[in-house]
Amino acid sequence: MASPKRFIAGAVCPRCAEMDKIKMFTDDDGEQIRECVACGFTDAVSDAEKPAEPELETRVNQRDNEDDHTVKQVVFFKAGSSED
């Protein structure tokens, strides 16, 4: 069942950048539709789950984590003073 069209307060159109010109409603197929009354932009948002995209290969997720993670003591040396 289609829902009534309602304006979304503070929404900005991705095409014309007009504020408060976007109305949103649900069509008969259950998809949420947003529509700009200024420029006619229309976009559908579906509740259907998108297929999982694999993680992009980067230098961070490709390397083996073989670093030495043991705790090591840090020693601070006092700078020489002229009060000797």
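The values are calculated or read from the model by the stated rules, or taken from the named source; none is laboratory data. As the structure is a computational prediction, the values presented were derived from the model and not from experiment. Please note: Cβ atoms are built from the backbone with ideal geometry, for glycine as well, and neighbour counts cover all protein chains shown. These accessible areas exclude ligands, DNA and RNA; they are computed on the full protein's heavy atoms, side chains included. Shrake-Rupley method; radii C 1.70, N 1.55, O 1.52, S 1.80 Å.
Working from label points 7 Å from Cα in the Cα-to-Cβ sense, the LYS50 to LYS5 distance is 2.7 nm.
For THR26, the amide hydrogen comes within under 5 Å of the amide hydrogens of SER3, ILE33, counting only partners 5 or more places away or on other chains and with H modelled in the peptide plane. Based on the reciprocal of the average 1/r between different C-alpha atoms, the Kirkwood radius for the chain equals 18.9 Å.
Each of PHE77, PRO54, ALA17 was scored by the projection of its Cα onto the charge dipole of the chain, and the greatest displacement toward the positive side belongs to ALA17; charges sit on the C-beta of Lys, Arg, Asp and Glu. Heavy atoms of the protein chains alone define the surface here; on that basis the range 1-76 has 90 Å² accessible area per residue at 1.4 Å probe size.
Report in % the part of the accessible area of the chain that belongs to carbon and sulfur, leaving out ligands and nucleic acids; probe 1.4 Å. Carbon and sulfur together cover 50 percent of it. The local environment of ALA9, defined by Cβ-Cβ distances under 15 Å, has a net charge of +3 under the rule Lys, Arg +1 and Asp, Glu -1.
Here the gap between THR70 and ASP27, fully extended at 0.36 nm per residue and compared with their Cα-Cα distance, gives a gain of 9.6 nm. Within the straight-line cut-off of under 13 Å between alpha carbons, none of the aspartates and glutamates are reachable from LYS72, sequence neighbours fewer than 8 places apart in one chain being disregarded. Database remark: amide H of GLU18 closer than 5 angstrom to the amide H of CYS13 (H placed geometrically; neighbours at sequence offset of 5 or more, or on other chains; Pro and chain starts carry no H).
In the chain, the calculated helix contribution to ellipticity at 222 nm averages -500 deg cm²/dmol per residue, counting -39,500 (n - 2.57) for every DSSP H run with n ≥ 4.
Sparse packing (at most 14 other Cβ atoms within 10 Å of the Cβ) combined with a DSSP loop state is found for the following trypsin sites (Lys or Arg not before Pro) in the range 9-76: ARG15, ARG63, LYS72. Each residue of the range 27-41 is assigned a 3J(HN,Hα), and the resulting list reads 7, 5, 7, x, 8, 8, 10, 10, 9, 9, 7, 7, 10, x, 4 Hz, derived from the Karplus form 6.51 cos²θ - 1.76 cosθ + 1.60 (θ = phi - 60°), x at Gly and Pro. Direction-averaged projected area, Cα convex hull, the range 28-73: 8.4 nm², rounded to one decimal.
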